[in-house]
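The structure appears right after this line, and notes come after that.
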Amino acid sequence: MMNRTEYIIPVEEIEGILERARDASVTEAEAIIQKAERLTGLTPEETGVLLQCEETGVIDSLYKSAKRVKESIYGNRLVLFAPLYLTNTCVNNCLYCGFRRSNRILERRVLTEEEIRSEAEALIRDGHKRVLVVAGEDPEQCSMDYLERAIDIIYTTRVEKGEIRRVNVNVAPLTVEKFKRLKSAGIGTYQLFQETYHPPTYKKVHPAGPKSNYAYRLTALGRAMEAGIDDVGMGVLFGLYDYRFEVLALLYHALYLEREFGVGPHTLSVPRIEPATNAPFSLNPPHALSDHDFMKLIAILRLAIPYTGIILSTRESADLRDRLFHIGVSQISANSRTYPGGYTEGNKNPPSLNPLPQGEGKELLPPSLDGRGKGEGELGFSDKKGQFSVGDRRTTQEIIRNISMNGFSPSFCTACYRVGRTGKEFMDHAKPGEIQRFCLPNSILSFKEYLLDYGGEELRKIGEFLIKKQTTAIEDDHLRKATLKKLQEIEMGKRDLYF
């Protein structure tokens, strides 16, 4: 009899699909891509064919279709957010993470209430309206009471006209009762990465701590939905196992949520392993991804699960991120700090990459990674505070300038959460591509706020040109006039206007 984890992630079935897909023709792959443009998503079998195809012409078509599908659903907007780390203490010992408990050289920290407020103030001064709260798994240092208080502090912090309007959360798996408390605290999306869906690999890279329980983590999003959190986000840490398997597993997990709860994932995150201090798997990922494969999998995910928001972090370089914005990404972090207190102190000196002291981390270096030409002092480069290394170190304004110059609409919108367009209602708008009716005007309004309150002179000129162009592009005459009216109200000092 199939157990719960096999029901959600049928490992043998996934492996069989990938094996059979090796024999698929280019014609079959092209037909699948054409079908995907109808915004109906892909079956696991169809997704497997695209994952196994390496024909240059097909890959080019894949990228173009991913761009069209993303624009059909969300338009050209890119939502911006920033992570806010509360703690870096952890009871787990994950071999790819700088927060793992055996990392004796990490500077451990649990933010006080005043420090949480200071971090929120720094993010508000940077123009952010939505944050992702992150914390290490430590039931004593990061209790439910602590999380609830932290969320309340973030929501109630004000700096002049600025505020955080939506708090999303990435914390360890919880019970249904604790998820209910998280829901009552007013969170938006609950986000949790399985890291790898491949059970043997999962066991290998999670040797100790509660996170070693594959099944408990896999079923966490279901418990969150049972508790009433209808927007959940999933993800994989690419590089731990074959990306083809992981992409299909993500799709199976999404299909499971739709089947059981009527709603698939609100977001998908696609982090790749990056160097982390004293984390042996982080410098020599067992299944390291090339940029080509990374771009390919993001485009495939956009076609396979078209309604979801695809999140790209600052782990990646600025150049690669700029390319990925064009093939399916819809949400991005900006000016990230990956350790507690990073925004209060990090704007003075961005974290640098420092080698480990001689010999640190060797005690947990897997035999399969030993002797690959890396010296003992090279087993993981990162600052001594962060969870991982940051690739895109541009400021928020620099990122906004760049995406504006490339025709994207920077968005700080939180409207859907505020008016109840979440869960099934959001999906009912997103799946047929109707959500962009709200996305375009709301991105314009939130960008206008940003320009007036935080933009420099050059950015304001660029932004105003873009706003004028995009407002003109609103086809609905009534909606366009209503948007122009709200823009005037923002000019007069009103804030937090949306549809």
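Summary of computed values
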read-out: Inter-probe distance in nm under a simple model that places probes 7 Å from Cα toward Cβ, at Val26 and Glu491; value: 5.5 nm
read-out: DSSP bridge orientation in the chain - percent antiparallel, rounded to nearest 5; value: 10 percent
read-out: Cβ-derived FRET efficiency at R0 45 Å, Val159 paired with Glu258, nearest 0.05; value: 0.65
read-out: Label-point separation, Asp428 to Thr112 (7 Å along Cα→Cβ), nm; value: 4.9 nm
read-out: Interchain or long-range residues, amide H under 5 Å from Gly391's placed H; value: Arg315, Glu316
read-out: Separation of the Phe193 and Thr43 label points, Cα + 7 Å toward Cβ, nm; value: 3.2 nm
read-out: Charge dipole of region 74-396 about the Cα centre (unit charges at C-beta), most positive-ward option of Thr201, Gly328, Ala220; value: Gly328
read-out: From phi via Karplus (6.51, -1.76, 1.60), per-residue ³J(HN,Hα) for region 45-62 in Hz, x at Gly/Pro; value: 5, 5, 4, x, 4, 5, 5, 8, 7, 10, 5, 4, x, 5, 4, 4, 5, 4
read-out: Mean Cβ neighbour count within 10 Å, used as a protection proxy, ranking 164-176, 299-311 highest first; value: 299-311, 164-176
read-out: The chain - Cys residues lacking any other Cys C-beta under 4.7 Å; value: Cys53, Cys90, Cys142, Cys413, Cys416, Cys439
read-out: Fully extended contour minus Cα-Cα distance, from Ala208 to Glu464, at 0.36 nm per residue; value: 86.9 nm
read-out: Relative packing of 314-325, 83-94, 386-397, which averages over residues the other C-beta atoms within 10 Å, highest first; value: 83-94, 386-397, 314-325
read-out: Karplus-derived HN-Hα couplings along region 319-330 (A = 6.51, B = -1.76, C = 1.60, θ = phi - 60°), whole Hz, x at Gly and Pro; value: 5, 5, 4, 4, 6, 6, 4, 8, 10, x, 5, 10
read-out: For Gln191, distant residues with modelled amide H under 5 Å away; value: Val169, Asn170, Val171, Gly233
read-out: Region 74-396: C-alpha gyration tensor shape, a/c 1.5 cut-off, then a/b vs b/c; value: rounded
read-out: Whether region 4-70 is rounded, prolate or oblate, judged on the alpha carbon gyration tensor where a/c under 1.5 counts as rounded; value: oblate
read-out: Karplus 3J(HN,Hα) series, Hz, for region 132-146 with 6.51 cos²θ - 1.76 cosθ + 1.60 (x for Gly, Pro); value: 10, 6, 10, 8, x, 7, 8, x, 7, 7, 10, 6, 4, 4, 5
read-out: Residues Met225, Met144, sorted so that the one with the fewest Cβ neighbours within 10 Å comes first; value: Met144, Met225
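Each value in this text was obtained by applying a stated rule to the coordinates, not by laboratory testing. Quick caveat, the model's predicted, so the values are computed rather than measured. Methodologically, a virtual Cβ is constructed for each residue, glycine included, from the backbone with ideal geometry; neighbour enumeration extends over all protein chains shown.
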